[in-house]
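Participant: Have a look at the structure that comes next, please.
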Amino acid sequence: MKITVTARTGPKDSIVLIGKSTAKIKPWLKSDQEKEYLKFCLNNKKKQFVFNQYPRWILVHLIDDQKKSFASLEDTRKASRIMSDLVNDRKLTSVTLIGLEKKNDHLLAFAEGLALSNYQFNKYLNKKEDKANSLKTIKVLLRDSSKAVKELDQICRAVYRTRDLVNEPLSTLTAVKLSKEIENMGKEAGFDVETFHKKKIKSLRMGGLLAVNKGSIDPPTFSILTWKPEKPRNDKPIVLVGKGVVYDTGGLSLKPTNDAMDYMKCDMAGAASVVGTIHALASNNIPVHVVGLIPATDNRPDGNAYVPGDVIKMFDNSTVEVLNTDAEGRMILADALTWADKLNPQLVFSVATLTGAAHAAIGKYGIVSMGNAGKKKMDSLKKSGEHVFERIAEFPFWDEYDELLKSDIADLKNIGGRYAGAITAGKFLEHFTNYPYIHLDIAGPAYIKTRDNYRGKGGTGIGVRLLYDFIKNY
Ligand code: BES
Ligand code: ZN
Ligand code: ZN
């Protein structure tokens, strides 16, 4: 899929007209019937309608300006789905998008929605040609600002890569394989990657990562991604830490199959978002110094697996009483958060499919977030969240929640009990930080089982567009 700029439209190109100025639609119509139909649609306040001018199709999308601007932009992204279905159903390979307004924001939002709608994960189908979407190129009719189109193309590419990683099963994406994929993506987009393998992880005594890995036959990895542009806007880096549990069985605290385990290949979605974000930043040459940290392993029961009751010495020397081996994400993230401290960071994010509690609280509709980085940063994150429609639901992060993590025999335990599960997970992580910190729990929106408009089906790539927007505007 490619989004490009075009200066003119050919007579056979299918087109989409996007805007509010309904007077600008008429010149595109040929027959009186079409003009009649336009009148009908406008009288009946229709927002999307199609003209069949075989071999070309014209879709009109009228912007709803009654809504807040971010909500109306999201409507535009979603409307693109109609075109995606229409185009692919008729085996067309390209469409041209034409804005009816001076501002290009809706025009680009439509292109974004259309590109993201068109994503498929077909690589394991023998007959993929039959199922493959025909749409390959989205042309945006513009005389200037091709820069914004190039940027959007790179962002969508990064979201595609992120989704691919999330959709890849354990059999083809172990921790080592993930680290190789990250290295490849680094070469592609121009950021540096250093990978620590098991020997190095052992010598560093990353106890949390090693504990979770004990039940696995595959070794763990720890990847460090560095995007340091020539003249960065920030002196101290922003650090993104992503949960890279390539498969979560729960370990000895085994999850039930069917509903809880079937999609646990997605438990590295946080890692994928971090990689995707840095890919997008580097390929667009955004002048902000960012470092990504990805601890990765699968979590399995085995003869040597860590057990409930174990006391683990973490990378920062804290001791953790493990009372549930299914609370493994926080064990590996804790060590990465300790590593982050060495980088003297300005701000650190963790991104993780961390708790079923976050999913239960807000569903797939947003990202559960909490932190101690202050109101200004949180507000700016929320603003990005609305803008790209990966919205933030801020949860409390009160000191009192720390009480729930007290252990009798260790510095803290890895579960907090029945209530406030998303928050106690965040509080556990905060224990390993001493810098401004924001935690993003993406357990709800990271992976969806039924098609959800332009978010598609399976891995959504959530987090990439959010963090890209936040960091770009930092
Ligand atoms: N990977 C899961 C969380 C998850 C749930 C991700 C649903 C995606 C969808 C995580 O490791 C986990 O199992 N968390 C436990 C924590 C509990 C044992 C304290 C949970 O949420 O049940
Ligand atoms: Zn788990
Ligand atoms: Zn997990």
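Participant: Is it fair to say residue 129 is acidic (Asp, Glu), in contact (Cβ under 8 Å) with a residue 24 or more places away in the chain and surrounded by fewer than 16 Cβ atoms within 10 Å (Cβ to Cβ)?
Facilitator: no
Participant: Here are some conditions: (1) away from ligand 1 (no atom under 11 Å from the Cβ); (2) assigned to a loop (DSSP other than H, G, I, E, B); (3) touching a residue at least 40 places away in the same chain (Cβ under 8 Å). Residue 397 meets all but one. Which one does it not meet?
Facilitator: (3)
Participant: Still on this model: Taking segment 412-447 as the region of interest, how many residues are out of contact with any His (no Cβ under 8 Å at 6 or more places or on another chain), in a loop (DSSP other than H, G, I, E, B), at negative phi and not aliphatic (A, V, I, L, M)?
Facilitator: Residues that pass the stated criteria total 11.
Participant: Go through segment 224-253 and give me each residue that's closer than 24 Å to residue 301 by Cα and open to solvent by less than 10 Å² (accessible area, probe 1.4 Å).
Facilitator: Listed by number, the residues that qualify are 242, 243, 244, 245, 246, 248, 250, 251.
Participant: Taking segment 36-47 as the region of interest, how many residues are surrounded by 15 or more Cβ atoms within 10 Å (Cβ to Cβ) and either at pLDDT below 95 or not aromatic (Phe, Trp, Tyr) (or both)?
Facilitator: Within segment 36-47, residues that are surrounded by 15 or more Cβ atoms within 10 Å (Cβ to Cβ) and either at pLDDT below 95 or not aromatic (Phe, Trp, Tyr) (or both) number 2.
Participant: Please pick out the residue among 413, 406, 427 that is open to solvent by less than 30 Å² (accessible area, probe 1.4 Å), modelled with pLDDT of 95 or more and either away from ligand 1 (no atom under 14 Å from the Cβ) or charged (D, E, K, R) (or both).
Facilitator: Going through 413, 406, 427 in turn, the sole match is 427.
Participant: Return the pair list, or none, for Cβ contacts closer than 7 Å from residues in segment 151-180 that are more than 24 Å from residue 218 (Cα to Cα) to residues that are part of a helix (DSSP H, G or I) and of a type in the set (Phe, Trp, Tyr), at least 6 apart or on different chains.
Facilitator: 155/468
Participant: Separate question: Looking at 287, 301, 256, which is the one that is open to solvent by 40 Å² or more (accessible area, probe 1.4 Å), in contact (Cβ under 8 Å) with a residue 12 or more places away in the chain and within 16 Å of ligand 2 (Cβ to nearest atom)?
Facilitator: 301
Participant: Let me ask something additional. Is segment 380-394 home to any residue that is within 12 Å of ligand 1 (Cβ to nearest atom), in contact (Cβ under 8 Å) with a residue 12 or more places away in the chain and in a loop (DSSP other than H, G, I, E, B)?
Facilitator: No, segment 380-394 contains no residue that is within 12 Å of ligand 1 (Cβ to nearest atom), in contact (Cβ under 8 Å) with a residue 12 or more places away in the chain and in a loop (DSSP other than H, G, I, E, B).
Participant: Are any residues in segment 63-101 open to solvent by 30 Å² or more (accessible area, probe 1.4 Å), more than 23 Å from residue 155 (Cα to Cα) and over 26 Å from the mean Cα position of the chain (by Cα), and if so, which ones?
Facilitator: Of everything in segment 63-101, those that are open to solvent by 30 Å² or more (accessible area, probe 1.4 Å), more than 23 Å from residue 155 (Cα to Cα) and over 26 Å from the mean Cα position of the chain (by Cα) turn out to be 64, 65, 66, 89, 90, 91, 92, 101.
Participant: Does residue 276 satisfy the criteria of being at pLDDT 95 or above, surrounded by fewer than 24 Cβ atoms within 10 Å (Cβ to Cβ) and small (Gly, Ala, Ser)?
Facilitator: No.
Participant: Among the residues of segment 356-387, which ones are open to solvent by less than 10 Å² (accessible area, probe 1.4 Å) and within 17 Å of the chain's Cα centre (by Cα)?
Facilitator: 358, 366, 367, 368, 369, 381, 384, 385
Participant: Please tell me if residue 263 is touching a helix residue (DSSP H, G or I) at 6+ places or on another chain (Cβ under 8 Å), within 16 Å of ligand 1 (Cβ to nearest atom) and open to solvent by 10 Å² or more (accessible area, probe 1.4 Å).
Facilitator: When the stated conditions are applied, residue 263 does not pass them.
Participant: Go through 384, 350 for me and flag whichever is in contact with a helix residue (DSSP H, G or I) (Cβ under 8 Å, 6 or more places away or on another chain), in the same structural domain as residue 224 (by TED's automatic domain parsing), polar (S, T, N, Q) and more than 16 Å from ligand 3 (Cβ to nearest atom).
Facilitator: Going through 384, 350 in turn, the sole match is 384.
Participant: In addition: Of the residues 324, 344, 317, which single one is in a loop (DSSP other than H, G, I, E, B), without any contact (Cβ under 8 Å) to a residue 12 or more places away in the chain and open to solvent by 20 Å² or more (accessible area, probe 1.4 Å)?
Facilitator: The conditions single out 317.
Participant: Would you confirm whether or not segment 262-284 contains a residue that is within 14 Å of ligand 3 (Cβ to nearest atom), in a loop (DSSP other than H, G, I, E, B) and in contact (Cβ under 8 Å) with a residue 12 or more places away in the chain?
Facilitator: Within segment 262-284 (the criterion being within 14 Å of ligand 3 (Cβ to nearest atom), in a loop (DSSP other than H, G, I, E, B) and in contact (Cβ under 8 Å) with a residue 12 or more places away in the chain), the answer is yes, since at least one residue qualifies.
The values are calculated or read from the model by the stated rules, or taken from the named source; none is laboratory data. On a predicted model such as this, the values are computed, not experimentally measured, just so you know. As a convention, Cβ positions derive from the backbone with ideal geometry for all residues, glycine included, and neighbour counts pool all protein chains shown. SASA here: full protein model, heavy atoms, side chains in, ligands and nucleic acids out. Shrake-Rupley method; radii C 1.70, N 1.55, O 1.52, S 1.80 Å.
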